[in-house]
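The block underneath contains the structure these notes are about, expressed in structure tokens.
None of the figures in this text is laboratory data; all of them are computed from the coordinates on show. Small disclaimer: the values here were computed from a predicted structure and weren't measured. Note that each Cβ is placed from the backbone with ideal geometry, even for glycine, and that neighbours are counted across all protein chains shown.
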Amino acid sequence: MKKVYCFVVFLSFFILVGSMCLCEGRTIQSNTNQDANVSVHQQNKELKSSYLNMPLRFEQNDGQFSDNIKYTVRGLGYQVSLTPHGMYLALSKKEYINIEFLGINTSAEILGGEELITKSNYFIGNKPENWRSNIRNYSKVDYHNIYKDIDLKLYGREGLLEYDFCVKAGADPKQIRLSISGALKTVVTDEGHLLLVTESGIVQMQAPYIYQMIDNKKKEIKGNFSVNKDNEVVFEVAAYDKQQDLIIDPILNYSSYLGGSGDEYIWGVEAGRDGSIYLFGATTSTDFPTGGGSPYQNSNAGNQDIFVTKLDSSGENIVFSTYIGGSDKDAVAGFSLDNLDNPYVAGYTKSSDFPTSGGAFQSSFGGGTNDGYILKISAQGDALDYSTYFGGNQTDIVNSIAIEYSTGNFVFGGTTGSTNLSTTTNAYQTSQGGDLDGFVGKLNESAGLIFLTYLGGSSADEIEGIELDNAGSVLVTGYTESSGFPTVNPYQGSHAGGRDVIIAQLDHVGENLLYSTFLGGSSDDIGYEMDIDQFGNVFVGGKTASSNFPTQNAFQSTYGGSQDGFVLKLNPLENTLYYSTYFGGSNGDIVHDVEVDCQGNLYTVGNSGSTDLFTIYALKAVNPSSTDGFIAKFNSEGEIDEFSTYIGSDSDDENLYGVDVDCFGNIYAVGNTAATDFPVADNALQDTFDGGNTDGIVVKFNPYAIRF
């Protein structure tokens with residue numbers, strides 16, 4: 001296989017008009033108009049934020065543009081048209097910059113990639129023959145062999161247009177020459193960035209950051225723009241080992257400890273609409289950080305309390321942080337944010353004095369070893385908007401929760417040993433089937449219980465993950481030991497042995513089972529978490545000890561050993577398993593959480609005891625300690641071709657339990673560590689291990705790093 005390397009170039013816009021800065025500044029007006037201008041400024045910020053939240057779309061030319069244009073992409077304040085010769089950057093109707101690639105193969109194939117669900121339509125004028133509809137949009141465009149053994153790739157990141165030259169081993173990067181016209185001035189900064197000065201402002205193209213992995217250590221290769229004697233823009237690359245890959249660093253934006261003198265774990269993370277970071281976990285510390293506002297509960301009430309912490313987008317500051325709990329042990333299992341970023345938390349409590357709110361569905365402890373709970377915290381973290389026990393006469397745990405944004409209802413699922421749950425009249429299953437059953441319910445904080453049903457067979461069953469589809473039906477995953485677990489139109493109709501994964505779908509009122517299947521091999525298999533895309537495809541991650549776990553179009557078709565993680569994509573309506581794959585090495589591996597983006601890419605986190613877990617374009621390619629966390633991205637076909645990396649120290653254990661991805665492609669992962677040398681960022685909220693057996697950890701990074 002040939003090895004390649006790549007130059008990554010960002011187009012960032014800092015546009016100035018007269019004395020008004022449209023980026024971060026504010027025009028000074030008279031005091032009488034100040035409030036109005038602040039309001040407009042805030043509206044503009046919100047509009048800009050909403051725009052940047054949208055992915056860049058490369059629109060195919062279907063006759064709506066000039067024939068020489070192949071694709072067009074629009075950003076905030078600009079439009080870029082892609083031609084066989086280069087790019088036209090339009091800053092206004094009268095001002096544009098032409099970036100021409102000199103000496104290229106003008107017959108290079110130009111193809112859109114990763115088609116989006118959006119379409120473009122043009123109904124301009126009164127002549128239908130000039131109208132265009134259902135024009136395809138793509139998330140990226142590739143020029144194949146634009147120079148000899150060099151490809152050009154364009155895509156969006158964080159609202160910016162990014163393009164990469166991917167240079168195969170043996171190819172000469174000096175082939176790449178750019179001629180730029182339309183700019184008043186072209187400047188290369190001391191940092192190697194290229195600035196194009198125009199009447200409208202400055203277009204900045206950032207210098208590439210390139211390195212090689214030599215003996216498992218990073219060796220940075222200097223690279224920057226330069227202008228040659230013919231006034232052509234070229235790339236300069238310092239000396240490097242041409243027998244080794246060159247790699248653009250996956251940027252670790254942020255990492256930090258979070259904890260006190262006791263034990264902490266962070267079970268979940270959600271990215272807020274404003275870039276803030278919500279963390280959900282549990283602590284035994286009496287000195288867990290509760291800064292930033294007025295916490296609902298500022299001290300630990302028992303031997304372990306749950307916590308909810310909100311960090312600002314930088315991760316450097318606590319917006320709010322609060323304990324929640326009673327005098328005994330309380331734990332987090334499920335979490336979510338509603339459309340106003342109000343946090344919801346679910347789990348279990350052993351506390352008979354766990355805080356509940358007025359109007360709670362169940363205001364007192366139900367009995368048994370522990371009860372489940374469900375709560376909603378105010379947006380400021382200073383009050384419980386809603387909190388209720390959930391449980392009967394035996395052990396109960398609420399493992400997962402999902403919010404129905406249109407109604408404010410929330411669905412939840414878990415496991416119970418109780419025989420006296422308050423199931424609703426027309427529930428799918430009104431009584432317990434075995435010693436341990438799953439359950440699924442729907443609540444409204446003002447209207448109360450909407451439905452509640454058991455879901456299980458004659459042996460042990462557990463609901464671990466829950467999601468809502470576009471029609472409001474409820475999808476769950478978990479495991480069953482019951483050969484008689486109910487199935488409907490199953491992909492796998494019988495129990496294969498031990499614990500099998502279950503994937504089931506109930507209607508929106510909990511009365512009918514729409515779909516249900518086993519999925520497993522001869523040993524123990526458990527589905528831990530799930531997600532769903534806009535097409536109704538279900539994604540599940542978990543662990544398997546079965547060497548015959550069902551695989552389909554697998555990235556890893558064989559069992560690695562001891563225990564492997566797995567991920568799968570299944571469509572219940574079609575009863576189609578699109579892919580199912582092991583993910584693991586020769587020792588124990590678990591997928592704890594999964595998150596799907598709008599292109600169907602699947603992000604996974606977990607922990608690995610293997611030294612041979614598959615890694616590619618990794619932040620950390622080897623695991624020298626007994627257990628490390630990992631983050632991996634599977635594309636829409638179930639392949640890993642962008643990144644897979646260990647996350648951890650070199651001395652002690654790490655586990656990653658939760659993952660989220662924001663609209664800019666930033667990945668957030670959380671878990672815990674026992675290590676005092678976990679790598680933290682310069683701007684970490686907490687840069688040292690604070691005591692106890694474990695501290696929480698939070699990591700944020702952007703995976704737009706490609707091996708070249």
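Report, in whole Å, the centroid distance computed from the Cα atoms of the range 406-436 and the range 555-626.
Value for the Cα centre distance between the two parts: 31 Å.
Just to be sure I understand the model, the point goes 7 Å from the Cα along the line to the Cβ. What's the resulting residue 435 to residue 635 distance in nm?
4.8 nm
Going by amide H atoms built from the backbone, whose H comes under 5 Å of the H on residue 654, apart from near neighbours?
For residue 654, the qualifying residues are 627, 628, 629.
Can you tell me the relative contact order of the range 588-694? Whole percent, Cα pairs under 8 Å, sequence separation 6 or more.
Worked out over the range 588-694, it gives 23 percent.
Greater than 18 Å separation of Cα atoms is the criterion. Which listed pairs, 148/174; 70/153; 310/442; 350/442, meet it?
Cα-Cα > 18 Å for 310/442; 350/442; rest within.
When Rg is the radius of gyration of the Cα atoms in the range 445-552 and Rh is its Kirkwood radius, what does Rg/Rh come to?
Rounded to two decimals, Rg/Rh equals 0.98.
I need the calculated FRET efficiency for the pair residue 172 and residue 558, taking r as the beta carbon distance and R₀ as 30 Å, to the nearest 0.05.
0.15
I'd like the Karplus ³J(HN,Hα) series for the range 673-678: coefficients 6.51, -1.76, 1.60, θ = phi - 60°, whole numbers in Hz, and an x wherever there's a Gly or Pro.
Whole-Hz 3J(HN,Hα) from phi for the range 673-678: 8, 9, 8, 8, 10, 4.
Run the simple label-point estimate for residue 547 and residue 338 please: 7 Å along Cα→C-beta, distance reported in nm.
Between residue 547 and residue 338, the label points sit 5.2 nm apart.
Is there a quick way to get the dipole size of the range 478-637? I mean about its Cα centre, with the Cβ of Lys and Arg at +1 and of Asp and Glu at -1; what is the value in debye to the nearest 20?
With Lys and Arg at +1 and Asp and Glu at -1, about 320 debye.
To the nearest 0.05, what FRET efficiency results for residue 133 and residue 616 with a Förster distance of 35 Å applied to their C-beta separation?
0.30
For residue 338, which sequence-distant residues (separation of 5 or more, or a different chain) have an amide H within less than 5 Å of its own amide H, given hydrogens modelled in the peptide plane?
Those qualifying (amide H under 5 Å, at least 5 residues apart or on another chain) are 344.
In what sequence, highest mean first, do 588-600, 484-496, 518-530 appear when ranked by Cβ atoms within 10 angstrom?
Per-residue Cβ counts within 10 Å, averaged per peptide and sorted highest first, yield 518-530, 588-600, 484-496.
Taking the Cβ of each residue in 168, 543 as the centre, tally the other Cβ atoms inside 10 Å and list the residues starting with the fewest. Could the numbers behind the result be given before it?
On the way: 168 15, 543 24.
Exposure proxy ranking, most exposed first: 168, 543.
Kindly state, to the nearest 0.05, the FRET efficiency for residue 327 paired with residue 406, given R0 = 45 Å and r defined as their beta-carbon distance.
According to the calculation, E is roughly 0.75.
Could you give each residue of the range 642-649 its phi-based ³J(HN,Hα) in whole Hz, using Karplus coefficients 6.51, -1.76, 1.60 with θ = phi - 60°, and x for Gly or Pro?
For the range 642-649, the Karplus curve yields 10, 6, 7, 9, 6, 10, x, 8 Hz.
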